[in-house]
Structures are given as structure tokens and as C-alpha cells.
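Participant: Here you go, one structure.
What follows is calculated from the coordinates using simple rules that are stated; it is not laboratory data. Owing to the predicted nature of the structure, the values given are computational and were not obtained by experimental measurement. Note that each Cβ is placed from the backbone with ideal geometry, even for glycine, and that neighbours are counted across all protein chains shown.
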Amino acid sequence: MTLTITRNRIQSLDILRGTVMVIMALDHVRDFLYKADLSKAADAALDPTNLQTTFPALFFTRWITHFCAPIFIFLAGTSIYLMSQRLSKNELSVFLFKRGFWLVLLEITIVTFGWTFNPHYNVIILQVIWAIGLSMIFLGVAVQLPFHLILVIGFLIVAGHNISDFVLVDPSTRKNIFLEFLLTANFSFHEFVPDHFFAIIYSFLPWTGVMMLGFCFGKFYDEKFDASKRKQLLLKLGTAIIAAFIIIRLINIYGDPMPWSVQPRGAVYTFLSFLNLNKYPPSLLFLCMTLGPAMIFLAVIEQVQNSFTRFMNIFGRVPMLYYVLHFYLIHVITVVVFYWQGFGVKDIASPNNPFYFKPNGIGFGLWGLYAVWILVVLILYPVCKKFANYKSAHKHWWLSYL
């Protein structure tokens, strides 16, 4: 058995990447168009993981999307490793520096506008793309190091950064802007000029550790690596990571700043508490919960060829195009819903809300949310397929930045 490779792309990695990209769109449709039913106490949650107000369907609509960022960043590291097999260390470093700065610029301009449709840029959103960009810049330095040292550093960051839960207990210390950029941000807003803010959503250090581990994971996909051995190792590694998640979570001392607890609403909500982990920044247990199943998925999907894998493969081959376009498409649909539901010009900009065309009360319940999500994915599929075919047929330098 050998890997299925198309023009230097490994299809199992693209299928996994494409799958999480599709799931990601569900979360962003929810951000824009989920309308809580205020007549029901359980459905009044603005935070779908708030166990006092959420309900299982809403919780899992959010929970399933937790897999997206860790897997996407992990696989970005894997792709960098595969790139390192055909570039010198210096060439790879230069590319990572350039691509990293490009992604940061992309985040604060094109992606931020896709989120807000706010021409005044009252809020600059520093989210997953900026974290990937900074992680690439740091990895551009790290690739000069021996492979095993990169592995050790990545492991220490991922496994050890939750020590800060015990060390940085003073809220004023955690809100130090340097520490927020590095490690502690949780939707932190800072004014840089009057009435203009930047929002640190993703502290980059834990994600840099994820990318470094993804880089080392790429060794499993060396051309000379035996496929049957790889499948066995992925199954064992995935199972071990899931087991570690369960054991450490049961101990309930380390690995996440939010201990689970028995819930007054019953056993189902106690189970939700067990799964309710910290993403901002991503805890050790959050990363175990999401990356362990990803390993098993890769082992299972490697030799599968069917309509599902072909569909997801398309999105996985052009993740950056999909990522940028899906924001604009979702926001355009939001504008259509805005006028359809009777909102007017006076409602475009809401007080203390940087998102245009997103007033309180807009949107649908869960069924409508899922319908819009499917519509978004179906509209983007032919666009992504055409661009994926273009990329496979051309070798322009700028294609490596998209």
C-alpha cells in the first residue's frame, strides 16, 4: 500500500483538512445568524457552551467545530515538513517568514473586513490566521534546529503551557498585553487609537507548539515510510492521546483551567461539563480531545475513495481561498437576511457592535442555521474545485501563498 498523492499533495491530509474547513463554516454561520429563542430559558444563551443556559444540540453544534483550528494548524505544520523535503533550510525559513507576514497582513485587512463589513475598521480581529502567521515566522527560525529539538520544544509548549493556570493567577498579570499576545488572551480588547481596537482572540504560543508538533508529525508521511506501519502508528497514537485526555480530565487537576463538575441539570450536562474545555488559549486537554481523533481519522481514511473523500478533498486543496470566501459569503447572506427580516439602514451599525448588518434579533434557530451552512458549502464547492484544478495545472509562485 502506498499513499495516494496528486502533484505533491497527500490526499488523506487534504481530506481531513477539507472536512474541518467545512465544519468550520458551521461555527461562523452560527456566529452571524443564530437567533436564540428568548422564550425558552435553556435557549437564551449567547455562549453555546454556558452549561447554565445551553442545551445539548446547541452545545454540540459549537463543540464539533472545536476540532477545526487545532487540526488546521497541526496540518499546516505537517505541510511545512513536506515542503522541507524539497527545500533547503534557508529557503524554507525565507518562505515561512514571507508567508507568515503575509498571513498577518491578510488577517488585519481582508479577513477582518469579511468579519465586520466595517469600513472604519473600528476593531482589528487577531484570530486563527494571525496565529498561523506568527507561528510560521517562529517556525521559520525553528527549522534551523535539529528535528528532535523541534519535537521536544513543541511537546513542552503543548504539554506545559497550562502551568500558567497556577502561576499566573493574578488577573492583572494575565492582562499584561505581552502575556496576552503570548499566552493568556481570551477575547482581549485594546484601544490603539481613539475608538479603534484590536481584539486578541488567539494567543500564539500554544498554537506555535501545535504547529511544531504537526511539523514533526510530517515524518510519518515521508515517501519511504511504510504505509501499513504508518496506519498502525496513527491508530495507536490517536488512541493513546484520547486515553490521555480521558485520564487527565478525570483526575481534574491539570490540563485545563475549567475543571468539570457534577451539574444540577443532570447526567447529560455533567458529561457536557467533562467535554467543555478551554480554547482561548487552547488547553492541553482541548488539544488532546481534538488531535487524538484526527490521528484515527487519518489512519482510517488513507485508502478510502468515495464521494465523501472526493468532496472534502477539494476544500482541503484550497483552504485559504475557501477560508476567505466563506466569510464574505456568510456576511453577504447575513445582509440579505437583514433586509428580508425587516431591518433597515438605521440598524446597519449597532452601538458597541463592530459588526455591520448584525443587529440583535437577526437570524434563525438551529434548523435555519444548518440550512444556511449547507447552502454556503454548496455554493463554494464549484468555485473551490475550479481553483484547485487551476492550482494543480500551474506553478505560479504566488499560488504557494494562497
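Participant: Cα-based Rg of the range 334-402 per 2.2 N^0.38 Å, rounded to two decimals? Don't skip to the end; give the middle numbers.
Facilitator: On the way: Rg = 17.9 Å, N = 69, 2.2 N^0.38 = 11.0 Å.
Computed over Cα atoms of the range 334-402, the ratio equals 1.63.
Participant: Also: What is the order of Ser135, Ser392, Ser307, fewest Cβ neighbours within 10 Å to most?
Facilitator: Ser307, Ser392, Ser135
Participant: Which of rounded, prolate or oblate describes the range 267-344 when judged by the alpha-carbon gyration tensor and an a/c cut-off of 1.5?
Facilitator: oblate
Participant: Can you list residues whose amide H is under 5 Å from Met258's amide H, if they're 5+ apart or on another chain and H is modeled 1.01 Å from N?
Facilitator: For Met258, the qualifying residues are Asn278.
Participant: May I ask you to evaluate 6.51 cos²θ - 1.76 cosθ + 1.60, the Karplus curve with θ = phi - 60°, for each residue of the range 202-217 and list the ³J(HN,Hα) values in order in whole Hz, giving x for glycine and proline?
Facilitator: Whole-Hz 3J(HN,Hα) from phi for the range 202-217: 10, 5, 7, 4, x, 5, 5, x, 4, 5, 5, 5, x, 4, 5, 4.
Participant: Rounded to the nearest 500, what is the 222 nm mean residue ellipticity of the chain from helices alone, with -39500 (n - 2.57) per DSSP H run of 4+ residues and division by all residues?
Facilitator: -19000 deg cm²/dmol
Participant: I'd like the Karplus ³J(HN,Hα) series for the range 234-243: coefficients 6.51, -1.76, 1.60, θ = phi - 60°, whole numbers in Hz, and an x wherever there's a Gly or Pro.
Facilitator: Computed from phi, the couplings for the range 234-243 are 5, 5, 5, 5, x, 5, 5, 5, 5, 4 Hz.
Participant: What is the ratio of the Cα radius of gyration of the range 259-402 to 2.2 N^0.38 Å, with N the residue count, to two decimals?
Facilitator: 1.40
Participant: I need the calculated FRET efficiency for the pair Lys386 and Gln303, taking r as the beta carbon distance and R₀ as 35 Å, to the nearest 0.05.
Facilitator: Step by step, r from the Cβ atoms, then E = 0.80.
Participant: I've got another one for you. Restricting to Cα atoms and excluding each atom paired with itself, what does the Kirkwood estimate give for the range 5-401 in Å? Please report the intermediate quantities before stating the final value.
Facilitator: Values: mean 1/r = 0.0451 Å⁻¹.
Every distinct Cα pair counted, the radius reaches 22.1 Å.
Participant: If I take every Cα pair under 8 Å that is 6 or more residues apart in the chain, average their sequence separation and divide by the length, what percent do I get for the relative contact order?
Facilitator: Numbers: 579 pairs, mean separation 105.8, N = 402.
Relative contact order of the chain: 26 percent.
Participant: Can you tell me what share of the DSSP beta bridges in the range 5-401 is antiparallel? A percent to the nearest 5 is fine.
Facilitator: Percent antiparallel among DSSP bridges in the range 5-401 is about 60.
Participant: I've got another one for you. Over 27 Å, how big is the tail of the calculated P(r) for the range 39-173, in percent of all Cα pairs?
Facilitator: 43 percent
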